[in-house]
1. Counting other beta carbons within 10 Å of each Cβ, put Arg151, Arg389 in order, fewest first.
2. List the cysteines of the chain that have no other Cys Cβ closer than 4.7 Å: which are they?
3. Kindly put His126, His252, His262, His157 in sequence by how many other C-beta atoms sit within 10 Å of each C-beta, fewest to most.
4. Please compute the length gained on full extension between Thr293 and Leu260, using 0.36 nm multiplied by the number of residues separating them and subtracting their Cα-Cα distance.
5. Towards the positive end of the charge dipole of region 37-137, with charges on Cβ (+1 Lys, Arg; -1 Asp, Glu), say which of Cys37, Phe64, Met94 has the farthest Cα.
6. Identify the trypsin sites (Lys or Arg not before Pro) of region 280-377 meeting these criteria: DSSP loop state and at most 16 other C-beta atoms within 10 Å of the C-beta.
7. Along Cα→Cβ, 7 Å out, is where each label goes; now give me the distance between the ones at Ser38 and Ala103 in nm to one decimal.
8. Which whole-number percent is the relative contact order of the chain (Cα, under 8 Å, 6+ apart)?
Amino acid sequence: MSIRRESRGELRAWHQATREPVCVRWARGRITAVEPCSGAVPERRWIAPPLFDVQINGFGGVDFQRDAMSPGDLLRAARQLRAAGCTRFFLTLMTDAWPRLLARLERVRRLRARHPELRQAIAGWHLEGPFLSPEPGFCGAHDPRAMIPIRAEHVRHIRAVTGADPVLLTLSPTWAGAPAAIAVAVRLGMRVSLGHTDASQACLRRAVRAGATGVTHLGNGCPAVLDRADNILWRVLDTPGLIASLIPDRVHVSPPLFRLIHRVLGAEAIYYTSDAMAAAGLPPGTYTLGRLTLEVGPDRVVRLPGTRNLAGSAVSPLQAVFRAAAMRRCAWQEAWSRLAQAPARFVGLPGGLEAGGPADFCVLDVDARQKAVTVQTFWSGRPAGPPVRLKP
Ligand SMILES: [Zn+2]
């Protein structure tokens, strides 16, 4: 690797997606060429597009649900995510009283506008609620008292606040106005994902016809115990046309179910998210998620104290990739795509290593068995931090 002058450089490595040797060149923060490499390439060096997580509720001790969050806090979270391989994310706001939630969205959008780094890092907004199912189990860690039926005017308010920014909306299609609201959301350029719902199969299909394309964290946002003959998992798996996100932390979805979902849907209909909250990137302890106080155990699982209810995860997107690869018993390169290119494609944004694109990428060093040992992120052609050592 040679990094000449400020942000100009060249790297020869194996490409994560094609698994072919490539030569990547960049200048002034943009990639200028990605070409097949005929010369020698370091045997254990790989290059990959950075991770892209569409569901980040907080990170590194910063809770995005808190109105006291300062621009410095937000910047700190974005930089920590970046140093851990994730250069872009959708800042995710969860259920709250509707006027309060809209005001929060407006506020975080103003914080983002003030800083060029935040404009690059926050690629869009994910609203998870308040249009979810208030039923026990299906509401998850969201406050059922704040949930309201979705109407088209709510969607127009979101668009008015977000301008032309990418928006992902997670909702339950069981509300009477959902099909009309979904159609308006899609017309206004949003992506609609179904989640925290006990929708019937007919209801799911109506939502797909209206334009919904996703399912948010399949296997979660539902009670821990389900009817074995008819439940939301079977209904979603039997509904064509939906791309499902999974939280691959080994706990939100058990390893056998994780593998089965891949077999049923096929990898192309799946992307991963960490669903990270403030505790991600920090040791076990007590953290906040909006008005909730949550416990993070040594297993990195986030729980409402004294219950089995899971509330987001404390794994970073980078840890999620390697946990997914271990559960699927697949190469890390395959799992990497599901938290980099796949979510970008789902929300309609570029996600690969392309000439003309930003010089943001990850460099991975592997051992003799092709196991990834370290990951270093480059942002605008410069190292975003020291290499992160992966736990064996
Ligand atoms: Zn959720």
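The numbers here are math on the coordinates, done by the rules we state, and not lab data. This one's a predicted model, so the numbers in the text were calculated from it and none came from an experiment. Cβ coordinates were reconstructed from backbone atoms using ideal geometry, including for glycine residues, and neighbour counts include every protein chain displayed.
1. Numbers: Arg151 17, Arg389 10.
Listed from fewest to most nearby Cβ atoms, that is Arg389, Arg151.
2. Result for the chain is Cys86, Cys139, Cys203, Cys222, Cys330, Cys362, no neighbouring Cys Cβ within the cutoff.
3. Values: His126 25, His252 22, His262 18, His157 15.
If I rank by nearby Cβ atoms, fewest first, I get His157, His262, His252, His126.
4. Values: separation 33, 0.36 × 33 = 11.88 nm, distance 3.32 nm.
Separation in residues times 0.36 nm, less the Cα-Cα distance, equals 8.6 nm.
5. Cys37
6. Details: sites: Arg291, Arg300, Arg303, Arg308, Arg323, Arg328, Arg329, Arg338, Arg345, Arg369, Lys371; in loops: Arg291, Arg300, Arg308, Arg329, Arg369, Lys371.
Qualifying residues, ordered by number: Arg291, Arg308, Arg329, Arg369, Lys371.
7. Placing both labels 7 Å along Cα→Cβ, they lie 6.5 nm apart.
8. Values: 879 pairs, mean separation 80.4, N = 392.
The normalised contact order for the chain reaches 21 percent.
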